[in-house]
Amino acid sequence: MQRGRLLVAPGVCLYNKNCMSVPASQMWTVATYVLRQKLAGRKRYPLVLMLEPLFRCNLACAGCGKIQYPAHVLKRQLTPEECFRAVDECGAPAVSIPGGEPLMHPQIAEIVAGIVARKKYVYLCTNALLLEEKLHLFTPSKYLSFSVHVDGQREHHDFSVCREGGYDLAIRGIKAALARGFRVTTNTTLFDGADPNSVRAFFDEMMELGVEGMMLSPGYSYDKAPDQQHFLGRARTRRLFRAILSNRKPQWKFNMSPLFAEFLMGRRNFACTPWGMPTYNVFGWQKPCYLLQDGYADTFAELLAETEWSNYGTESGNPKCANCMVHSGYEASSVDFGFGSLKGLFAMSKASLFKSYPDEDAKALLNEEYKPVHSYNPLVQIKTAQESQA
Ligand code: SF4
């Protein structure tokens with residue numbers, strides 16, 4: 001499961017501070033950064049560094065391709081110095097810290113503090129099982145957000161993460177973080193069989209809790225994921241997101257580019273720009289993206305120079321990319337388009353201002369009968385590597 005995805009883009013209403021899901025300072029930082037890259041004539045530039053300090057996790061989700069590594073890999077982790085070197089080398093204005101579960105890293109507070117000190121916007125992606133007990137290690141800052149993995153309403157989330165009680169613990173962590181003044185967002189991965197009505201009700205729940213914004217992504221079919229049956233193809237992804245994101249309630253706030261949301265709904269198309277969200281982990285700089293592993297580079301410059309980028313993306317004909325619509329490939333594309341031309345700026349402003357997307361056909365999709373996977377499949381609690389060894 002792609003859990004640590006991005007989240008920096010301007011999913012904001014520019015004119016009403018009550019509907020902002022990304023602070024203006026963050027949006028300004030991203031906008032001026034992109035403009036600088038454009039003025040410098042850089043064709044490929046990073047927007048968000050995906051920094052994976054470890055692959056260990058205290059969950060073992062059926063749709064995840066990260067925690068299936070052998071024990072000797074799961075034991076490895078990046079040092080704070082390695083993390084800082086990657087942040088400095090990459091230069092992206094935002095850093096997403098997925099995993100694994102980053103809160104299991106013994107030096108995670110030092111890593112986060114060092115990146116915040118560099119004035120990078122950090123999204124610490126967590127399943128929140130440890131959030132409440134680790135909160136005291138962190139200091140609230142406009143540069144730090146906890147991006148809590150919640151895949152939907154209680155029953156759906158517990159099924160998705162293969163852990164009964166996972167939802168309640170995540171909500172408890174969210175409440176505790178909000179009470180201590182932290183920025184909190186959610187990240188949600190949707191698989192085939194997701195009930196759009198339930199997802200919309202989930203949006204209401206998160207807004208009532210007071211989260212800053214929600215980030216959505218379709219699941220990507222990792223080769224290593226135990227559950228290979230429920231990944232979405234492109235047509236089904238567009239249908240699902242059209243049902244979910246059309247006829248939006250005004251109170252819903254999303255922590256993602258409005259143009260990326262339109263891409264998911266099938267309203268526009270983008271080519272993949274995997275260099276926009278490069279991944280650094282215990283193996284090095286991963287080629288070409290967060291999802292695929294076609295080798296590693298020692299430096300970010302080497303990654304940019306030596307990856308055969310034309311072999312990737314839907315248009316490339318690469319079967320591994322055929323159904324992919326995930327953030328790490330396409331959200332940076334939407335931000336690049338949004339800031340890259342007057343046409344893009346107009347489209348982004350329009351999408352930020354007129355975000356209800358009235359659509360009668362999408363309403364009809366909500367009346368269809370959905371059979372959520374958890375309604376005919378029992379929840380199978382998969383053991384984590386640590387539990388299996390015990
Ligand atoms: S389309 Fe291919 S290269 Fe692009 S993010 Fe998806 S899997 Fe990675």
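Since every read-out is calculated from the coordinates, none of them should be taken as a lab result. The shown structure was predicted, so the numbers you read here are calculated from the model rather than taken from an experiment. Glycine also receives a Cβ, built like all others from the backbone with ideal geometry; neighbour counts cover every protein chain displayed.
Restricting to region 267-278, give me the number of residues that are within 10 Å of the ligand (Cβ to nearest atom) and surrounded by 24 or more Cβ atoms within 10 Å (Cβ to Cβ). Spell out how you get there, then give the answer.
In the first step, residues of region 267-278 are kept if they are within 10 Å of the ligand (Cβ to nearest atom); the result is 271-277.
Right, trim to surrounded by 24 or more Cβ atoms within 10 Å (Cβ to Cβ) and you get 272-274, 276-277.
Looking only at that region, the number is 5.
Somewhere in region 231-245, is a residue surrounded by fewer than 22 Cβ atoms within 10 Å (Cβ to Cβ), part of a loop (DSSP other than H, G, I, E, B) and touching a helix residue (DSSP H, G or I) at 6+ places or on another chain (Cβ under 7 Å)? It would help to see each step written out before you state the result.
Step one: list which residues in region 231-245 are surrounded by fewer than 22 Cβ atoms within 10 Å (Cβ to Cβ), which gives 231, 233-236, 238-239, 242.
Next, from what is left, pick out any that are part of a loop (DSSP other than H, G, I, E, B): 231, 233.
Among the residues that remain, those that are also touching a helix residue (DSSP H, G or I) at 6+ places or on another chain (Cβ under 7 Å) are: none.
No: region 231-245 contains no residue that is surrounded by fewer than 22 Cβ atoms within 10 Å (Cβ to Cβ), part of a loop (DSSP other than H, G, I, E, B) and touching a helix residue (DSSP H, G or I) at 6+ places or on another chain (Cβ under 7 Å).
Given the options Tyr220, Tyr167, Tyr143, name the one that is of a type in the set (Ser, Thr, Tyr), surrounded by 17 or more Cβ atoms within 10 Å (Cβ to Cβ) and out of contact with any Phe, Trp or Tyr (no Cβ under 9 Å at 6 or more places or on another chain).
Details: Tyr220 fails: out of contact with any Phe, Trp or Tyr (no Cβ under 9 Å at 6 or more places or on another chain); Tyr143 fails: out of contact with any Phe, Trp or Tyr (no Cβ under 9 Å at 6 or more places or on another chain).
The unique qualifying residue is Tyr167.
Can you name the residue in region 300-321 that is near the ligand (Cβ under 9 Å from one of its atoms) and of a type in the set (A, V, I, L, M, F, W, C) and is also nearest to Thr279 (Cα to Cα) among such residues?
Filtering region 300-321 for residues that are near the ligand (Cβ under 9 Å from one of its atoms) and of a type in the set (A, V, I, L, M, F, W, C), the one nearest to Thr279 (Cα to Cα) comes out as Trp309.
May I ask you to say which residue of Ala297, Ala347, Ala351, Ala362 is more than 16 Å from the ligand (Cβ to nearest atom) and more than 23 Å from Thr29 (Cα to Cα)? Explain how you work it out, then say what you get.
Details: Ala297 fails: more than 16 Å from the ligand (Cβ to nearest atom); Ala347 fails: more than 23 Å from Thr29 (Cα to Cα); Ala351 fails: more than 23 Å from Thr29 (Cα to Cα).
Result of the check over Ala297, Ala347, Ala351, Ala362: Ala362.
Being more than 15 Å from the chain's Cα centre (by Cα) and farther than 17 Å from Glu89 by Cβ is the filter here, so list the residues in region 264-279 that pass it.
Met265, Gly266, Arg267, Arg268, Asn269, Phe270, Ala271, Cys272, Thr273 - these are the residues of region 264-279 that are more than 15 Å from the chain's Cα centre (by Cα) and farther than 17 Å from Glu89 by Cβ.
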